Amino acid sequence: MRVVVVGGGMAGLVLARALMKRGITPVVLERAPAGRFTEGPIMLPFQAYEALEDLGLYETIRAAGRDVAVGEDGRPVAIAVARQTLIDHIAEGVPVEHEEEVLDLLRDGDRVVGVRTRGPGGERDVPADLVVGADGTMSGVRELAGIPHITRPSEGGGLSFTSPVVMPSSFVMAYQSDGRQVGVMSWPGGSAGWWQIDRIGPEAALAPGLEAFKRSFIRLLPPAELALQGVTSMDQVRYREVTEVVSERWWNPGVMLIGEAAHAMDPESGVGAGLGFGDALQLATSIAANPGDPDEACRHHEHWRRPVVDPYVSVGAQGARIPQAPPGAQRPPWEYWPPREG
Ligand SMILES: Cc1cc2nc3c(=O)[nH]c(=O)nc-3n(C[C@H](O)[C@H](O)[C@H](O)COP(=O)(O)OP(=O)(O)OC[C@H]3O[C@@H](n4cnc5c(N)ncnc54)[C@H](O)[C@@H]3O)c2cc1C
């Protein structure tokens, strides 16, 4: 089967590598230039492990990162690792065509039969039996394919920081009165904190400044003080609002969505990449099981994958919250940002 993967992010790379293992080398088109550096860490959750094992990378990634909460089976709940390290390992041996931006889908009647891409050599058509949109939250493939979906702003906003300080523990977290999280993860290259706040926009979120941010963060999570000693500039502090995606279905004849193109959640849920890895492995398995029939491969994929993904999508970020106070209780002033106390 001729497979074109649009997007060389994590989901697209895992799919490409898993297909290659099964004897199918896809065309991977990525609009970013080669050598793009993706900063910061990721807490890769257990939902990604099956795909990592399939690629023979579970131990490698574990060795490159830090375990978070090892269970009785000796496996961590997640691995805290630099994003770029993870991407570099997955991308090994995967032929990615960089600076190729997919502009349109080619059609034969209702069926998608390829893509039009623009790259260093100009515009060209790439025929395919199956086009896979692994092109992220704002997926152009999803739009072009006419796959019904909802995009919506996430309910809250997120303040985060990165620090060069490596913490003694790979993970500390607390829940606020309404259940939202404040936490710090630490990987071999440093540490990163997050604080789920109201959606207030970047200007208001960053206006109180560094000392107020550090004070408020430490008030909520005292062990964060060590990591915050390495935060010396507001350039290390970010405010993010994200878009969530819920797709009614994931495929049309000749085209399939995986990863955040198919379903995107607030990072508070902590499973986004994990689900993308799982999508990629399932699709590779479904294609390998139906090498001459892309529609049957898509049906197979959605049949097995929906029951895994939908529970996460239906609870969204709420599913990651544990309220510390009864519903409707007044939040303490130190949980507000911008701060309400001196
Ligand atoms: C702040 C934050 C923290 C997070 N933390 C975690 C975490 O700790 N654990 C976790 O599991 N998940 C986490 N996530 C989610 C995780 O980052 C995503 O699920 C994952 O990166 C999405 O991968 P993807 O491959 O689906 O999409 P993307 O990474 O967005 O990749 C899409 C790729 O497609 C390319 N592309 C787009 N359009 C085109 C086009 N037309 N032509 C060619 N190429 C195109 C883009 O350049 C990009 O490389 C977090 C997300 C955020 C925002």
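A short reminder: the numbers here are calculations on the coordinates, not readings from a lab. None of the values given here were measured: they were computed from a predicted structure. All Cβ positions, even for glycine, are placed from backbone atoms using ideal geometry, and neighbour counts span all protein chains on display.
Just a few scattered comments:
- Estimated dipole of segment 157-242 in Debye, rounded to 20 [Cβ of Lys and Arg +1, of Asp and Glu -1, Cα centre]: 100 debye
- 15 Å beta-carbon shell around Gly158, net charge (K/R +1, D/E -1): -3
- All C-alpha to C-alpha distances of segment 157-242, sorted into 10 Å bins beginning at zero, yield P(r) values of 19, 55, 25, 1 percent in whole numbers.
- Separation of alpha-carbon centers, segment 285-342 and segment 1-63, rounded to whole Å: 21 Å
- Alpha carbon Rg of segment 1-87, scaled by the compact-globule rule 2.2 N^0.38 Å: 1.19
- Projecting the Cα atoms of Val315, Pro127, Val68 onto the dipole axis of the chain, where Lys and Arg carry +1 and Asp and Glu carry -1 at the beta carbon, places Val68 farthest toward the positive end.
- Signed unit charges on C-beta, dipole axis of the chain, positive-most listed residue Met10, Gln330, Pro291: Gln330
- Ranking of Arg124, Arg2 by neighbouring Cβ atoms within 10 Å, starting from the fewest: Arg124, Arg2.
- Our note on the geometry: Cα centres of segment 67-105 and segment 197-227, 29 Å apart.
- Those residues of segment 120-164 whose amide nitrogen sits under 19 Å from the label point placed on Arg331, 7 Å along Cα→Cβ: 153-161
- Full extension of the segment from Glu101 to Met1, taken as 0.36 nm per residue of separation minus the current Cα-Cα distance, would add 33.8 nm.
- Global size of the chain: 20.9, 67 Å for Rg and Dmax (C-alpha atoms, Rg to one decimal, Dmax whole).
- With a simple spin-label model that places each label point 7 Å from the Cα along the Cα-to-Cβ direction, the separation between Glu59 and Arg249 comes to 4.4 nm.
- Using a Förster distance of 30 Å, the FRET efficiency for Arg75-Ser169 (Cβ separation, nearest 0.05): 0.95
- Neighbour counts of other Cβ atoms within 10 Å put His89, His263 in the fewest-to-most order His89, His263.
- Each Lys and Arg adds +1 at its Cβ and each Asp and Glu adds -1 at its Cβ; summed about the Cα centre, segment 172-297 shows a dipole of about 620 debye.
- Relative contact order, whole percent, for the chain stands at 21, derived from Cα pairs under 8 Å and 6 or more residues apart.
- Among Glu123, Glu203, Glu30: highest mean-square fluctuation, GNM of the chain, C-alpha pairs under 10 Å: Glu203
- Relative contact order for segment 180-330, counting Cα pairs under 8 Å that sit 6 or more residues apart, in percent: 19 percent
- Highest mean packing first, where packing is the average number of other Cβ atoms within 10 Å per residue, the peptides 303-315, 139-151 line up as 139-151, 303-315.
- Cα centre as origin, Lys/Arg/Asp/Glu Cβ charges: the chain dipole, Debye: 520 debye
- Compared with the dominant Cα axis of the chain, that is its longest principal axis, helix 272-289 is turned about 20°.
- Percent RCO, i.e. relative contact order, over segment 157-242, from Cα pairs under 8 Å lying at least 6 residues apart: 42 percent
- The ranking of Phe161, Phe277 by Cβ neighbour count inside 10 Å, starting from the fewest, reads Phe161, Phe277.
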